[in-house]
Number of protein chains: 2
Amino acid sequence: MRILYHHPLNVLSRVVRITLAEKGIPFEPVIERPWERRDAFLRMTPAAEVPVLVEEDGAVIVGGWALIEYLEEAYPDNTQLLPRDVVHRAEVRRLADWFLLKFDREVTENLVGEKLMKRLSGQGHPFAPAIRAGLANIHYHLDYIAFLSERRPWLAGPTFTLADIAAAAALSCVDYIDNVPWDKNPEAKDWYARIKSRPSFRAILADNITGCPPPRHYADLDF
Amino acid sequence: MRILYHHPLNVLSRVVRITLAEKGIPFEPVIERPWERRDAFLRMTPAAEVPVLVEEDGAVIVGGWALIEYLEEAYPDNTQLLPRDVVHRAEVRRLADWFLLKFDREVTENLVGEKLMKRLSGQGHPFAPAIRAGLANIHYHLDYIAFLSERRPWLAGPTFTLADIAAAAALSCVDYIDNVPWDKNPEAKDWYARIKSRPSFRAILADNITGCPPPRHYADLDF
């Protein structure tokens, strides 16, 4: 069986889990704690980062960008999450990049990184100014989602794409620690509610880390 | 004419300039200082980041990942910088990701960011502990280049790919401020010497920022 080494609160891992589910590609998820630097894991990925996919023939695919593009290319007969037109594909990738890099740097690292990942990986105490920055930054990202979803059925255009998956994966990690102000942004909340109801999101909503459970609304489709 | 908005010391801009040159796609380079937040630039890219490509038909392609993949897809008859096999393509993207994200975070931001970009963009003084971290981190990245180039003609395998472009673009920015210890790593130096001699690298070696000239060896093919 194909194996995905992932961590429940790693955004890129969530992107790949949702993508595999949308494409209907079966896999066995295995939780990896990269900070433990397990020998067998380091032999697969010198960067020591999740996600890592091991195919049934032994091929090892490492890294978020590589995995996202690989799944589109290696399974052309399954659901495609990038549109056909080259300029439209670039728009999807621009938005995926926004949520996987910019949102990560400005929000996720400051909130999930400081409040939860530092504790899980034993890297010290939360840094209050970073948390304040994260709480301030998230508003304009939600506004951007609202701006886009007022103009388009999905974030990058008429169809559900990797842009929606990237944004939802990123927000779901912050929602796990109850730091998304959904009530202040009903348009962004409506878009996220549509994502939550997709079957590909079920495993994400079932995530539950021992000792750090999510808030009650996290898995609620009517939140 | 196709226009590329770029900054000489932005790694992703360098990747796109080299890629366009390798593919033989003509373009007019226009230097953009993203921190000035020019209105016309912000209308093209809400993230306010270089590089941005404006095609002759007006299509605007924004962001590193989007642009790299776009140039492969939109110009299929020009030189391809990703191999054909899907697993091999993933290896190229894994290494590109390494040098565009990991190296950037661990080395480029700490050295070029602290020493030069802060000054250019008027963002205060260099932070000495960050510079020390960057100077310490660069060694294992050079060792990794040496490790790869001892086993393969180019970083990702038998052919010159985006992995080489990403690594060379990243190192060239650090070399601009004379912080690459080439003499301690002859294998990495040999690989970089082969890159420097490529016609696609000429414009990179000719970069010269007013008030911040590069060291003499920067443009020297026999350094």
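Values quoted throughout were computed directly from the atomic coordinates according to the rules given, and no laboratory measurement underlies them. Because the structure is a prediction, the values reported are computed rather than measured. Backbone-built Cβ (ideal geometry, glycine too); neighbour counts: all protein chains shown.
The alpha carbon gyration tensor of chain A gives principal lengths a ≥ b ≥ c with a/c of 1.5 or higher and a/b no greater than b/c, which makes the shape oblate. Computed 3J(HN,Hα) for the stretch A:189-205, one whole-Hz value per residue from the Karplus formula 6.51 cos²θ - 1.76 cosθ + 1.60 where θ = phi - 60°, is 5, 4, 4, 5, 4, 5, 5, 4, 7, 6, x, 5, 9, 4, 5, 5, 6, glycine and proline marked x.
For the residues B:V87, B:V54, B:V174, a GNM of chain B with alpha-carbon springs under 10 Å puts the largest fluctuation on B:V87. What separates the A:A203 label point from its copies, with the point 7 Å along Cα to Cβ, is 4.3 nm, written shortest first.
Whole-Hz Karplus values for the stretch A:129-135 come out as x, 5, 4, 4, 4, x, 5 Hz, taken residue by residue from phi with 6.51 cos²θ - 1.76 cosθ + 1.60 and θ = phi - 60°; glycine and proline positions read x. Counting Cβ atoms of other protein chains within 10 Å of each Cβ in A:51-64 and taking the mean gives 3.
Restricting the stretch B:29-82 to GluC sites (Glu not before Pro) that sit in a DSSP loop and have at most 13 other Cβ atoms within 10 Å of their own Cβ leaves B:E56. Anisotropy class assigned to the protein assembly as shown is rounded, per the alpha carbon gyration tensor with a/c under the 1.5 cut-off. Sorted shortest first, the separations between the A:R119 label point and its copies elsewhere in the assembly read 4.4 nm; each point sits 7 Å from Cα along the Cα-to-Cβ line.
This model, with +1 at the C-beta of Lys and Arg and -1 at the C-beta of Asp and Glu, gives the stretch B:86-198 a dipole about its Cα centre of some 200 debye. Beta bridges from DSSP with both residues in chain B: antiparallel share about 65 percent, rounded to the nearest 5. Using a 7 Å projection from Cα along Cα-to-Cβ, the label point at B:P29 is separated from the same position in the remaining copies by 4.5 nm, smallest value first. An oblate overall shape is assigned to the stretch B:161-210, the ratio a/c of its alpha-carbon gyration tensor axes (a ≥ b ≥ c) being 1.5 or greater and a/b not exceeding b/c. Across the stretch B:86-198, the relative contact order, built from alpha-carbon pairs under 8 Å that are at least six residues apart, equals 32 percent.
Could you sort out which of A:K102/B:K118; A:K23/A:K115; A:K102/B:K115 sit more than 26 Å apart by Cα distance in this structure? As for pairs spanning more than 26 Å Cα to Cα, those are A:K23/A:K115.
Helix content alone sets the calculated 222 nm mean residue ellipticity of the protein assembly as shown: runs of n ≥ 4 DSSP H residues at -39500 (n - 2.57) each, divided across all residues, give -13500 deg cm²/dmol. Of all beta bridges that DSSP places with both ends in the protein assembly as shown, some 65 percent have antiparallel geometry. Counting charges near A:P213 (Lys, Arg +1; Asp, Glu -1) among other residues having Cβ under 15 Å from its Cβ returns a value of -1. The value of relative contact order for chain A, using C-alpha pairs under 8 Å at least six residues apart, is 21 percent.
Residues B:D143, B:D220, B:D183, ranked from the fewest to the most other C-beta atoms within 10 Å, line up as B:D183, B:D220, B:D143. Counting only other chain Cβ atoms within 10 Å of each residue's Cβ, the peptide A:85-92 averages 6. Over chain B, with a Gaussian network built from C-alpha contacts below 10 Å, which listed residue (B:P213, B:P83, B:P29) shows the highest mean-square fluctuation? In the Gaussian network model the winner is B:P213. Please report the antiparallel percentage of DSSP beta bridges with both residues in the stretch A:3-74, rounded to the nearest 5. Here the share of antiparallel DSSP bridges comes out near 60 percent. Listed values for the stretch A:143-152 are Karplus-derived 3J(HN,Hα) couplings in whole Hz (6.51 cos²θ - 1.76 cosθ + 1.60, θ = phi - 60°), namely 4, 5, 4, 5, 4, 5, 7, 6, 9, 9, and x replaces Gly and Pro.
Close amide H contacts of A:Y75 (hydrogens built in the peptide plane, cut-off under 5 Å, sequence separation of 5 or more or a different chain): none are found. In a Gaussian network model over chain A where Cα atoms closer than 10 Å are linked, find which of A:A193, A:A146, A:A59 has the largest mean-square fluctuation. Maximum fluctuation in the GNM of chain A, among the listed residues, is at A:A59.
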